[in-house]
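**Student:** For reference, the structure I am asking about is given below.
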Amino acid sequence: MRLSQYFMPILRDDPKEAEIVSHRLMLRAGMVRQESAGIYSWLPMGYRVLKKVEQIVREEQNRSGAIEVLMPTIQSADLWRKSGRYDDYGKEMLRITDRHDRDMLYGPTNEEMITEMFRSGVQSYKDLPRNLYHIQWKFRDEIRPRFGVMRGREFLMKDAYSFDLSKEAARHSYNKMFLSYLKTFQRMGLTAVPMKADTGPIGGDQSHEFLVLAETGESEVFFDRGYLEMDWQASGISYDDAEGLQAAINGFTSLYAATDEEHDQSEFEARVTEDRRVTGRGIEVGHIFYFGTKYSEPLGCLVQGADGQQTAVHSGSYGIGVSRLVGGIIEASHDDAGIIWPKAVAPFDVGLINLKVGDADTDAACLSLYQQLGNAGLDVLYDDTDERAGGKFNTMDLIGLPWQVIVGPRGLKDGMVEVKNRKSGERDTLSPEAALQRLTG
Ligand code: ATP
Ligand code: MG
């Protein structure tokens, strides 16, 4: 992509409305635009990142055996009356009336709809277990939308719903999601710590929130270093090995971890040696929850068991805040100059800076690099604008692409270009061939 033909409305100054760094940087880098309180348009740079985050979530859901569907954003109120939640949900639900005076709503979540969908398509125990998910916009009329996409009113969520014959089987489904979440966040360059969460009136021990560490997180967190030391992608645990998976999760969650609500300082000090205690703040990026037959009973989602008896299915729901993650990643990875994108979610791989647009040699060297990097499968943002060098450097640092290649007449005289790693700040002067090798090797 040539910057001269792109749409990336950079702000030079800090927007006043942004209280936290991710919001500020997303506005400054031209990633999103607020349309009304808590409702955003995703501009090209932001949309690229959102799609990458979404795709990682999708791939890891699929690997765990979950199956993708797409449910609508608008739902009928009748469905929610059946479960009893229409009145309970309160003002966060955006209620709409259609031209026939039917009560509709913009879905804040999809338990009712998916339970109905599953009920109508399933007959016997042989159709279980299943886990269905979608990645769809939600609306919650948050009382205080803030922090940009981190607490929006309209936001993109992955929500999965598992269906099992028994509580024991449902635990395996829960554990699969648990592992897939750890793998998902790790692929985005994040460390997410699972914390036991309150299960509310349903009870049980199966609810975890996944928190990403960042200074601006809404919750205070306390945990054992061990949570930071695990490589889930390399762990080799099989989703099909119910016992092995349970053992791995038991071992992992036996380490201390708690948010401020559940934290007990004396237990923390007793269980975790001082050098292994980590405290900080966290952002909730995912939440998994076993709720049993809460929806299957009122909605009549029954299956015939092997014994011929009709039984209500056991379910759980599993959310990931896809749009919140874009802000969360920035909170976890930035410096004074701007964003530092982890490779897996970067909007482009390389920013190519032409220091003297119009100079025949510089233009030719840039074009050649642009084409060769593209041919090697890298996404390149080529700054071919006539802005001055200082402005170009600032913009590239702000938008945080993993690599910068800087090409100017002075270096080219000696046959050299400069390669800069955004994260480490390391700069190397290399021939264009060696630069290519560095970035593609
Ligand atoms: P919170 O406690 O942050 O209000 P929640 O517990 O109400 O969130 P869940 O119902 O668990 O949210 O939703 C699943 C995920 O969706 C959350 O873990 C979070 O990442 C994301 N999410 C929830 N509300 C918002 C929001 N208003 N804006 C952006 N993402 C959100
Ligand atoms: Mg939650």
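The values are calculated or read from the model by the stated rules, or taken from the named source; none is laboratory data. Computed from a predicted model, the values in this text were never measured in an experiment. Ideal geometry is used to build each Cβ from the backbone, glycine not excepted, and the neighbour counts take in all protein chains shown. Accessible surface areas use protein heavy atoms only, side chains included; no ligands, DNA or RNA. Shrake-Rupley method; radii C 1.70, N 1.55, O 1.52, S 1.80 Å.
**Student:** Under the condition of being in a helix (DSSP H, G or I) and of a type in the set (S, T, N, Q), which residue from the stretch 215-258 is modelled with the highest pLDDT? Give the derivation first.
**Tutor:** From the stretch 215-258, those in a helix (DSSP H, G or I) are 225-228, 242-253; that's our starting set.
After this cut, where a residue has to be of a type in the set (S, T, N, Q) as well, the list is 246, 250, 253.
Working: 246: 96, 250: 93, 253: 91.
Step by step, filter the stretch 215-258, then rank; the result is 246.
**Student:** If I filter the stretch 252-274 down to residues being of a type in the set (Asp, Glu) and touching a residue at least 24 places away in the same chain (Cβ under 8 Å), which single residue comes out as least open to solvent (accessible area, probe 1.4 Å)?
**Tutor:** Of the residues in the stretch 252-274, the ones of a type in the set (Asp, Glu) are 260-262, 264, 267, 269, 274.
Going one step further and asking which of them are touching a residue at least 24 places away in the same chain (Cβ under 8 Å), we end up with 260-262.
Numbers: 260: 67, 261: 160, 262: 96 Å².
That would be 260.
**Student:** What pairs come up if the first residue lies in the stretch 105-128 and is closer than 17 Å to residue 297 by Cβ, the second is acidic (Asp, Glu), and their beta carbons are under 8 Å apart, counting only those six or more places apart or on different chains?
**Tutor:** Partner pairs satisfying both residue conditions: 128/164.
**Student:** So if I check each of 379, 386, 359, 428, which one is free of Cβ contacts under 8 Å to residues at least 12 places away in the same chain, among the charged types (D, E, K, R) and open to solvent by 30 Å² or more (accessible area, probe 1.4 Å)? Working first, answer last.
**Tutor:** Values: 379 fails: free of Cβ contacts under 8 Å to residues at least 12 places away in the same chain; 386 fails: free of Cβ contacts under 8 Å to residues at least 12 places away in the same chain; 359 fails: free of Cβ contacts under 8 Å to residues at least 12 places away in the same chain.
Testing whether each residue is free of Cβ contacts under 8 Å to residues at least 12 places away in the same chain, among the charged types (D, E, K, R) and open to solvent by 30 Å² or more (accessible area, probe 1.4 Å) leaves just 428.
**Student:** Using the structure shown, decide if residue 320 is at negative phi, surrounded by 24 or more Cβ atoms within 10 Å (Cβ to Cβ) and within 16 Å of ligand 1 (Cβ to nearest atom). Lay out the reasoning, then the answer.
**Tutor:** On the way: at negative phi: yes; surrounded by 24 or more Cβ atoms within 10 Å (Cβ to Cβ): yes; within 16 Å of ligand 1 (Cβ to nearest atom): yes.
Judged against the criteria, residue 320 is a match.
**Student:** Looking at the stretch 306-328, which of the residues that are touching a Cys at 6+ places or on another chain (Cβ under 9 Å) and not polar (S, T, N, Q) is farthest from ligand 2 (Cβ to nearest atom)?
**Tutor:** Taking the stretch 306-328 and keeping what is touching a Cys at 6+ places or on another chain (Cβ under 9 Å), we get 312-313, 315.
Within this subset, residues satisfying the condition of being not polar (S, T, N, Q) are 312-313.
Numbers: 312: 24, 313: 23 Å.
Taking the candidates together, the pick is 312.
**Student:** While we're on this one: State whether the residues of the stretch 207-225 include one that is farther than 21 Å from residue 184 by Cα, without any contact (Cβ under 8 Å) to a residue 40 or more places away in the chain, surrounded by 16 or more Cβ atoms within 10 Å (Cβ to Cβ) and of a type in the set (Phe, Trp, Tyr).
**Tutor:** Checking the stretch 207-225: not a single residue is farther than 21 Å from residue 184 by Cα, without any contact (Cβ under 8 Å) to a residue 40 or more places away in the chain, surrounded by 16 or more Cβ atoms within 10 Å (Cβ to Cβ) and of a type in the set (Phe, Trp, Tyr).
**Student:** Being surrounded by 14 or more Cβ atoms within 10 Å (Cβ to Cβ) and in a strand (DSSP E or B) is the filter here; which residues of the stretch 40-58 pass it?
**Tutor:** Those that are surrounded by 14 or more Cβ atoms within 10 Å (Cβ to Cβ) and in a strand (DSSP E or B): 40, 42.
**Student:** Related question: Taking the stretch 406-419, which residues are open to solvent by less than 20 Å² (accessible area, probe 1.4 Å) and touching a Lys or Arg at 6+ places or on another chain (Cβ under 8 Å)?
**Tutor:** So in the stretch 406-419, the residues open to solvent by less than 20 Å² (accessible area, probe 1.4 Å) come out as 406-408, 417, 419.
406, 408, 419 - these are the residues of the stretch 406-419 that are open to solvent by less than 20 Å² (accessible area, probe 1.4 Å) and touching a Lys or Arg at 6+ places or on another chain (Cβ under 8 Å).
**Student:** Return yes or no: is residue 58 touching a helix residue (DSSP H, G or I) at 6+ places or on another chain (Cβ under 9 Å) and among the basic types (Lys, Arg)? Spell out how you get there, then give the answer.
**Tutor:** On the way: touching a helix residue (DSSP H, G or I) at 6+ places or on another chain (Cβ under 9 Å): no; among the basic types (Lys, Arg): yes.
So residue 58 fails the test.
**Student:** Something else: Based on what the data block shows, is residue 16 assigned to a loop (DSSP other than H, G, I, E, B), free of Cβ contacts under 8 Å to residues at least 24 places away in the same chain and under 20 Å from residue 399 (Cα atoms)? Full working, then the answer.
**Tutor:** Working: assigned to a loop (DSSP other than H, G, I, E, B): yes; free of Cβ contacts under 8 Å to residues at least 24 places away in the same chain: yes; under 20 Å from residue 399 (Cα atoms): yes.
Criteria met by residue 16.
**Student:** Would you say residue 283 is touching a residue at least 12 places away in the same chain (Cβ under 8 Å), buried (at least 23 other Cβ atoms within 10 Å of the Cβ) and either more than 16 Å from ligand 1 (Cβ to nearest atom) or more than 21 Å from residue 59 (Cβ to Cβ) (or both)? If you could, list the steps in order and put the result at the bottom.
**Tutor:** Values: touching a residue at least 12 places away in the same chain (Cβ under 8 Å): yes; buried (at least 23 other Cβ atoms within 10 Å of the Cβ): yes; either more than 16 Å from ligand 1 (Cβ to nearest atom) or more than 21 Å from residue 59 (Cβ to Cβ) (or both): yes.
So residue 283 fits the description; yes.
**Student:** For the stretch 278-333, which residues satisfy the criterion of being touching a helix residue (DSSP H, G or I) at 6+ places or on another chain (Cβ under 7 Å) and in a loop (DSSP other than H, G, I, E, B)?
**Tutor:** 294, 295, 296, 298, 299, 300, 301, 305, 306
**Student:** Being surrounded by fewer than 24 Cβ atoms within 10 Å (Cβ to Cβ) and within 16 Å of ligand 2 (Cβ to nearest atom) is the requirement here; does residue 291 meet it?
**Tutor:** yes
**Student:** Moving to a separate point now. Could you grab me the full set of residues in the stretch 81-126 that are within 20 Å of residue 71 (Cβ to Cβ), open to solvent by 50 Å² or more (accessible area, probe 1.4 Å) and not in a loop (DSSP other than H, G, I, E, B)?
**Tutor:** Selection gives 81, 82, 92, 94, 95, 96, 103, 117, 119, 120, 121.
**Student:** Need at least 1 residues that are hydrophobic (A, V, I, L, M, F, W, C), over 17 Å from residue 4 (Cβ atoms) and under 31 Å from the mean Cα position of the chain (by Cα) per element, so show me which helices (runs of 4 or more DSSP H) inside the stretch 349-441 make the cut, counting only ones lying wholly within it. First the steps, then the outcome.
**Tutor:** On the way: elements: 360-375, 389-399, 409-413, 432-440.
Ranges flagged: 360-375, 389-399, 432-440.
**Student:** Also, quick follow-up: Report yes if some residue within the stretch 221-235 is under 30 Å from residue 31 (Cα atoms), within 16 Å of ligand 2 (Cβ to nearest atom) and under 25 Å from the mean Cα position of the chain (by Cα); otherwise report no.
**Tutor:** Scanning the stretch 221-235, I find at least one residue that is under 30 Å from residue 31 (Cα atoms), within 16 Å of ligand 2 (Cβ to nearest atom) and under 25 Å from the mean Cα position of the chain (by Cα), so the answer is yes.
**Student:** For the stretch 60-71, which residues satisfy the criterion of being surrounded by fewer than 19 Cβ atoms within 10 Å (Cβ to Cβ) and touching a residue at least 40 places away in the same chain (Cβ under 8 Å)? Spell out the reasoning first.
**Tutor:** Our first condition is that a residue be surrounded by fewer than 19 Cβ atoms within 10 Å (Cβ to Cβ); within the stretch 60-71, this holds for 62-63, 65, 67-71.
The answer is 63, 65, 67, 68, 69, 70, 71.
**Student:** Let me ask something else. Check whether at least one residue in the stretch 340-348 is assigned to a helix (DSSP H, G or I), among the basic types (Lys, Arg) and within 16 Å of ligand 2 (Cβ to nearest atom), and report yes or no.
**Tutor:** Let us first name the residues in the stretch 340-348 that are assigned to a helix (DSSP H, G or I), namely 343-345.
Within this subset, residues satisfying the condition of being among the basic types (Lys, Arg) are 343.
Applying the additional criterion that residues be within 16 Å of ligand 2 (Cβ to nearest atom) yields none.
Scanning the stretch 340-348, I find no residue that is assigned to a helix (DSSP H, G or I), among the basic types (Lys, Arg) and within 16 Å of ligand 2 (Cβ to nearest atom), so the answer is no.
**Student:** Another question, if that's okay. Output the number of the condition that residue 174 fails; it satisfies all remaining conditions of (1) over 30 Å from residue 312 (Cβ atoms); (2) within 15 Å of ligand 1 (Cβ to nearest atom).
**Tutor:** Of the numbered conditions (1) over 30 Å from residue 312 (Cβ atoms); (2) within 15 Å of ligand 1 (Cβ to nearest atom), the odd one out for residue 174 is (1).
**Student:** Could you tell me which residue of the stretch 147-201 is most open to solvent (accessible area, probe 1.4 Å), considering only residues that are over 23 Å from residue 323 (Cβ atoms) and within 16 Å of ligand 2 (Cβ to nearest atom)?
**Tutor:** Taking the stretch 147-201 as the starting set, the residues that turn out to be over 23 Å from residue 323 (Cβ atoms) are 162-176, 179, 196, 198-201.
Next, only the ones that are within 16 Å of ligand 2 (Cβ to nearest atom) stay: 174, 196, 198-201.
Values: 174: 6, 196: 122, 198: 110, 199: 14, 200: 38, 201: 139 Å².
Applying the filter and picking the extreme gives 201.
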